[in-house]
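Accompanying notes for the structure given below.
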Amino acid sequence: MDDGALAFRSGSPVRFPFTPAVEAETAPLWDKVKARVTPLEWRAHAPLIAEINRLKRDKGAVILAHNYMTPEIFHGVGDYVGDSLGLAREAQRSDAKVIVQAGVHFMAETSKVLCPDKRVLIPDPLAGCSLASSITAADVRMIKARYPGVPVVTYVNTTAEVKAETDICCTSANAVQVVEAAAAEWGTDRCILIPDEFLARNVARQTAVKIIAWAGHCEVHERFTAEDIRELRAAYPGAEILAHPECPAEVIEAADFAGSTAAMGEYVSRRRPAQVVMITECSMASNVQADSPETSFIGPCNLCPHMKRISLENIYEALVHDRYEVTIDPVIAERARAAVQRMIDLPPPAQPARYDLVKARHHVDVELI
Ligand code: 13P
Ligand code: SF4
């Protein structure tokens, strides 16, 4: 095979060879990913990684990479990596002029909402999310008319238009904290938590606040079942099973631990289990593997087709061509910023929330809109 990478500059193919200089420059990165990336693949990735890191320096850009990016992106070019909450905080802290969001569109919008003066680029504007597309701003206006006086908490996996109609945002790392803070501030025992039905049900089990939910689902996490967990336990006795709270409650109940993508990563690095199953998107385990070489990771996982639209090639093209810039109507952005900022201003959780449905005291159901 011909070593090196192929990318496009102004529509014309450009070849980046795997030279000894590239090999030496990227050797520390290769060390991190070699448990998950073959030498053959690395010879194709490394030249683009070196080129992207050079372009970032030239353009004063940073790359915010979500935990679901493939390892060559996550470890190779990500300046800040993490879950949705962590990336939103980093966008705001960074003094870079340009942010390239290696994640999906709602994440890039969140960065733009928080940093109106920065240029925010998304390598593929079609990188969507089934949760973000499950609800519109008109839906939220209808919900508010139906439940006057009840605070609206919106999961960060939503468009800026939806966030603009909202009182406060949350992520899976702080949803219980946000719901309780909103209910206390509004002086009510009810809270609207949209659009993820399963996250809402998992939150409802852990708080006395009554939750009103929307029937949106993550197409990646909704597919896991309790039967999958039973089969995995039978096949891999002793393996620890970690799940994301976008999974149905029956999956969270059957798992050993549930939390945001950052919380799952922390669990592995703190406890160093011998064997782990991550009930979430596939790249998560590959990325955690780099820092936990003694843990062996077992499937299954589901690919997020939206996250997988982001590649080294389109990150390179984003930097070369300054594309695709995320723009938001300033009035919408200002209103969305209030909701995101209200979340960020809450005291940061000592550690991302854990969803323990087995110990949960409140076995209450949600009201589905
Ligand atoms: P986290 O906030 O846990 O990173 O989750 C984002 C996401 O899209 C999960 O599907
Ligand atoms: Fe959206 Fe699910 Fe993909 Fe996350 S994994 S971006 S929630 S579709």
Output the number of the condition that Ser130 fails; it satisfies all remaining conditions of (1) surrounded by fewer than 17 Cβ atoms within 10 Å (Cβ to Cβ); (2) within 13 Å of ligand 2 (Cβ to nearest atom); (3) among the hydroxyl-bearing types (Ser, Thr, Tyr). (1)
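From the list Thr110, Thr158, which one is crowded, with 21+ Cβ neighbours inside 10 Å, at pLDDT 95 or above and assigned by TED's automatic domain parsing to the domain that holds Arg342? Step through it out loud before you land on a result.
On the way: Thr110 fails: assigned by TED's automatic domain parsing to the domain that holds Arg342.
Exactly one of Thr110, Thr158 is crowded, with 21+ Cβ neighbours inside 10 Å, at pLDDT 95 or above and assigned by TED's automatic domain parsing to the domain that holds Arg342, namely Thr158.
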All-but-one check, Ile344 against (1) in contact with a helix residue (DSSP H, G or I) (Cβ under 6 Å, 6 or more places away or on another chain); (2) not assigned by TED's automatic domain parsing to the domain that holds Val37, failing number (1)
Hey, Gln177 hits all of (1) buried (at least 24 other Cβ atoms within 10 Å of the Cβ); (2) within 16 Å of ligand 1 (Cβ to nearest atom); (3) assigned to a helix (DSSP H, G or I) but one; which does it fall short on? (1)
Check region 245-261 and report whether any residue there is within 16 Å of ligand 1 (Cβ to nearest atom), among the acidic types (Asp, Glu), under 20 Å from the mean Cα position of the chain (by Cα) and more than 30 Å from Asp117 (Cβ to Cβ). yes
Inside region 105-164, can you point out the residues that are within 15 Å of Gln341 (Cα to Cα), without any contact (Cβ under 8 Å) to a residue 60 or more places away in the chain and touching a Cys at 6+ places or on another chain (Cβ under 7 Å)? Val153, Tyr155
Going through (1) in a loop (DSSP other than H, G, I, E, B); (2) within 16 Å of ligand 2 (Cβ to nearest atom); (3) over 18 Å from Glu109 (Cα atoms) one by one, Pro148 fails only at (2)
Can you tell me how many residues within region 322-360 are under 26 Å from Gln206 (Cβ atoms) and not in a loop (DSSP other than H, G, I, E, B)? 7
Index of the failed condition, Tyr236 passing every other in (1) more than 12 Å from ligand 1 (Cβ to nearest atom); (2) over 28 Å from Asp31 (Cα atoms); (3) in contact with a helix residue (DSSP H, G or I) (Cβ under 9 Å, 6 or more places away or on another chain): (3)
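Looking at Asp139, Asp117, which one is more than 16 Å from ligand 1 (Cβ to nearest atom), part of a loop (DSSP other than H, G, I, E, B) and more than 16 Å from Gly103 (Cα to Cα)? Step through it out loud before you land on a result.
Details: Asp139 fails: part of a loop (DSSP other than H, G, I, E, B).
After applying the criteria, what remains is Asp117.
Could you say whether any residue in region 15-27 is touching a residue at least 40 places away in the same chain (Cβ under 8 Å), farther than 27 Å from Val288 by Cβ and in contact with a strand residue (DSSP E or B) (Cβ under 8 Å, 6 or more places away or on another chain)?
Filtering region 15-27 for residues touching a residue at least 40 places away in the same chain (Cβ under 8 Å) gives 26.
Right, trim to farther than 27 Å from Val288 by Cβ and you get none.
No, region 15-27 contains no residue that is touching a residue at least 40 places away in the same chain (Cβ under 8 Å), farther than 27 Å from Val288 by Cβ and in contact with a strand residue (DSSP E or B) (Cβ under 8 Å, 6 or more places away or on another chain).
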Number of positions in region 287-315 that are in contact with a helix residue (DSSP H, G or I) (Cβ under 6 Å, 6 or more places away or on another chain) and either basic (Lys, Arg) or within 15 Å of ligand 1 (Cβ to nearest atom) (or both): 4
Give me the pairs: first residue in region 289-301 and in a loop (DSSP other than H, G, I, E, B), second residue charged (D, E, K, R), beta-carbon distance under 8 Å, and six or more apart or on different chains, which are they? Ser292/Arg272; Glu294/Arg272; Thr295/Arg272; Pro300/Asp228; Cys301/Glu281
Would you check if there is a residue in region 270-282 being in a helix (DSSP H, G or I) and more than 13 Å from ligand 1 (Cβ to nearest atom)? yes
Can you list residue pairs whose Cβ atoms sit under 6 Å apart, with the first residue in region 245-273 being closer than 16 Å to Ala200 by Cβ and the second being within 16 Å of ligand 1 (Cβ to nearest atom) and of a type in the set (S, T, N, Q)? Count only pairs 6 or more apart in sequence or on different chains. Pro245/Ser172; Pro245/Asn202; Ala249/Asn202; Ile252/Asn202; Ser260/Ser172
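The values are calculated or read from the model by the stated rules, or taken from the named source; none is laboratory data. Here the structure is a predicted model, which is why all the values come from computation and not from measurement. We place every Cβ from the backbone using ideal geometry, glycine too, and count neighbours over all the protein chains shown.
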